[in-house]
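Following: one structure in structure tokens, then a few remarks.
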Amino acid sequence: MFAANQRLIDKTKKEERFKAALSTLTVGIFLPALIIVGWLFVKGAPALSWDFLLQDPIRGMTAGGIFPTIIGTMWLVTICVLISAPLGILAAIYLSEYAPDNLSTRIIRLCILNLAGVPSIVHALFGLGAFVLFLRMGTSILAASCTLAVMNLPVIITSTLESLQAVPRSFREASWNVGASKLQTIRHIVLPNSIPGILTGMVFAVSRAAGETAAILFTGVAFYLPFLPVNVFEQCMSLSMHLFTISTQVVGVPEAYPYATALVLIMMVLIVNSISVAMRWYFRSRRKW
């Protein structure tokens, strides 16, 4: 009896040590991000104001605000998501629900995983050749958004595919047994239970699209524009490109401006991510398994 109690105590202590190690690791991962955001806030706070957010850059981008870059970033992210989300979700549905489990399907999945590791500058060159030149979109918001969409497709497909496959097969079989077709089962059973995982992929897609620089450098983002874009066939400014420009190419920029620009970019991404996390929590709370 004593030996059994001792083993139970030792097991509990091991679990507590393991839990403490995981907690320490989590704090170690979160702390650098918190320090970076805090440092950006301290350095960029002197420049943060409504005028900084709502005015155009002036005097060679050494003064004024970043309003055109915010609008341009919203254009790029919105068009990118509108293109990549339907294509990625439909591709994942095909691979999960319709594609046969053979060599061709496994090769396709391997290519999707490899595509996620392609450097962004390679995507930029592909976008330049495919969208700007071959499809004659020119350097435009549409060309840049299509390039970002190609970059984000592997992430959306992979996250959606894993989420679809996580739905128990018994759900599908129960739906088929009551007379539902495969399409009805996917629409009313599989997809609703996969929304949290799909939203996870969307979060990564939005974050990457908002912070990308190389992929939009050759395809649609301008160094400086004195006007706001009115359609997808015009160029735009973006926060990431503007941050790179004022940090490395422009002389006489106030020290606080790059930090404030980076902080605004991070805050935009955090706001979108927070909305997605809230939606994911809502749909996960309604899930029955």
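Observations
- Legend: helices of the chain (whole DSSP H runs) are marked when their alpha-carbon atoms reach 20 angstrom or more along the helix axis and their mean Kyte-Doolittle hydropathy is at least -1.0; marked are 2-44, 67-93, 141-166, 191-211, 256-286.
- Residue-averaged [θ]222 nm for the chain, counting only DSSP H segments that reach four residues, each worth -39500 (n - 2.57): -23500 deg cm²/dmol
- The protection proxy used here, the mean number of other Cβ atoms lying within 10 Å of each residue, ranks peptides 131-137, 91-97 as follows, highest first: 91-97, 131-137.
- Proximal aspartates and glutamates relative to Lys43, as straight alpha-carbon distance under 12 Å, when same-chain residues fewer than 8 apart are discounted: Glu255
- Protection-proxy order for peptides 22-28, 269-275, 113-119, each taking the mean of Cβ atoms within 10 Å per residue, highest first: 269-275, 113-119, 22-28
- Burial order of peptide ranges 183-191, 210-218, 62-70, 168-176 (average beta-carbon count within 10 Å, highest first): 210-218, 62-70, 183-191, 168-176
- Here region 101-219 has 67 percent of its accessible surface on carbon and sulfur atoms, given a 1.4 Å probe and all protein chains in place.
- Amide H to amide H distances under 5 Å link Ala63 with Ile58, where only residues 5 or more positions off or on other chains count and H is placed in the peptide plane.
- Based on protein heavy atoms only, the chain ends up with 57 Å² per residue of surface accessible to a 1.4 Å probe.
- Spin-label pair Ser181/Met74, simplified geometry with 7 Å Cα→Cβ offset, distance in nm: 4.0
- Structure-derived P(r) over Cα pairs in 10 Å bins from 0, in percent - corresponding label in [x] 6, 21, 26, 22, 14, 7, 2, 1, 0; [y] 6, 23, 25, 18, 16, 10, 3, 0; [z] 7, 28, 34, 20, 9, 3, 0: [x]
- Sequence-distant contacts, meaning Cα pairs under 8 Å at least 6 residues apart, place the relative contact order of the chain at 27 percent.
- Length gained when the stretch Arg169-Tyr282 is fully extended (0.36 nm per residue, less Cα-Cα span): 38.4 nm
The values are calculated or read from the model by the stated rules, or taken from the named source; none is laboratory data. Predicted model only: the values in this text are computed from it and were never measured. Quick reminder, even Gly has a Cβ in these numbers, built from the backbone with ideal geometry, and neighbours come from all protein chains shown. Ligands, DNA and RNA are stripped out before the accessible areas are found, and what is left, the full protein with its side chains, is counted by its heavy atoms. Shrake-Rupley method; radii C 1.70, N 1.55, O 1.52, S 1.80 Å.
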